[in-house]
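Report on the structure given below.
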């Protein structure tokens, strides 16, 4: 996703706060023939090469296991 925005009406430096609400679910399952399973979800917001928001969630399980992580991931914010 790429987009642009501009802040108008201010004079001098203007604080801008970025935040993100991410709704996601990760599910892993292995049966008796499975050795392991792993997955990873990541999110990054960068402007002009500067990372403003970042989230990385990794999971791994062994044989005969299951796990699920989900919900809303929020609270990531940065002032640019």
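Nothing in this text is a laboratory measurement; each read-out follows from the coordinates by a stated rule. Keep in mind that what you see is a predicted model, and the values were worked out from it rather than measured. Glycine gets a Cβ as well: all are built from the backbone with ideal geometry, and neighbour counts include every protein chain shown.
Go through region 17-35 and give me each residue that's touching a residue at least 12 places away in the same chain (Cβ under 8 Å) and loosely packed, with under 12 Cβ neighbours inside 10 Å.
Selection gives 17, 21, 23, 25, 31, 32, 35.
Of all residues in region 2-16, how many are in contact (Cβ under 8 Å) with a residue 24 or more places away in the chain and surrounded by 10 or more Cβ atoms within 10 Å (Cβ to Cβ)?
Residues in region 2-16 being in contact (Cβ under 8 Å) with a residue 24 or more places away in the chain and surrounded by 10 or more Cβ atoms within 10 Å (Cβ to Cβ): 1 in total.
Could you tell me whether any residue of region 25-47 is under 20 Å from residue 4 (Cα atoms) and assigned to a loop (DSSP other than H, G, I, E, B)?
No: zero hits.
Going through region 52-72 one residue at a time, which ones are in contact (Cβ under 8 Å) with a residue 24 or more places away in the chain and within 11 Å of the chain's Cα centre (by Cα)?
Selection gives 53, 55, 57, 72.
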